[in-house]
Amino acid sequence: MRRLLLTGLVVLAAGGQAAAADYSKAVWAFVLGQAPTRPLMDSRLGDDMVLRLWQAPTSLPARGVFVVYMPGLSQAHWAVMLMDPQGRVGDFVGATRLTFVKTVPNPKKPAEKMNLSRLGDGMFKGLYVMEGTVADRAGKPHRLVTLLTPQMLDEELQPGEVLNR
């Protein structure tokens, strides 16, 4: 009986791990501009920057998706921000190993901080993810998860600034 119970627990635990969400391919589709729906906003600032915004995306459990691409600097300068995502950070980037790097304060709002981690596995291995809660202009808090390349990290991107424009 005890052996049967232990076997059942192992099967349940393995099933729970197998059922973990992995939205990394859906996130990548937004980065590539191949999302299943058209963006609410698609703005280009010459050849220097591309900004795209989707509201209530059908392929991700999030309120919004915002993509920044800076081809004027390089193809490696991009970031994707998820607004109010429902789930763990790793679910959206397909990673189980995140290594905390540092806490990044917003210079304009010191009380707002984002946790920066490096991805140790998954589709985006070696990239970075920032997570935190920031307030919009009206003061309403929003959870943000931002996937960014090392090149964008060097640009000192402030994800919370997007909500205040």
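Quick notes on this structure:
- Candidates Gly94, Pro107, Val80 compared by Cα position along the dipole of the stretch 73-120: farthest toward the positive end lies Pro107, with charges placed on Cβ.
- Using C-alpha pairs under 8 Å with a sequence gap of at least 6, the mean separation divided by the residue count of the stretch 86-141 gives a relative contact order of 29 percent.
- Karplus-derived 3J(HN,Hα), 6.51/-1.76/1.60, for each residue of the stretch 25-33, Hz, glycine and proline x: 5, 5, 4, 4, 4, 5, 4, 6, x
- For the stretch 103-142, the percent of C-alpha pairs falling in each 5 Å distance bin, counted from 0 to the bin holding the largest distance, reads 6, 22, 21, 19, 12, 11, 7, 1.
- Only aspartates and glutamates eight or more places from Lys25 in sequence, or on another chain, were considered; those with a Cα closer than 13 Å are Asp91.
- Reciprocal mean inverse distance between Cα atoms of the stretch 25-165 - Kirkwood radius, Å: 15.2 Å
- Overall, the anisotropy analysis places the stretch 47-101 in the oblate class: the square-rooted eigenvalues a ≥ b ≥ c of its C-alpha gyration tensor yield a/c not less than 1.5, with a/b not exceeding b/c.
- For Leu40, the residues whose modelled amide H falls within less than 5 Å of its own, excluding neighbours fewer than 5 places apart on the same chain, are Leu53, Trp54, Gln55.
Rule-based calculations on the coordinates, nothing more; no lab input. It should be emphasised that the depicted structure is a prediction, and the values quoted were computed from it without experimental measurement. Positions of Cβ are backbone-derived with ideal geometry, glycine not excepted, and every protein chain shown enters the neighbour counts.
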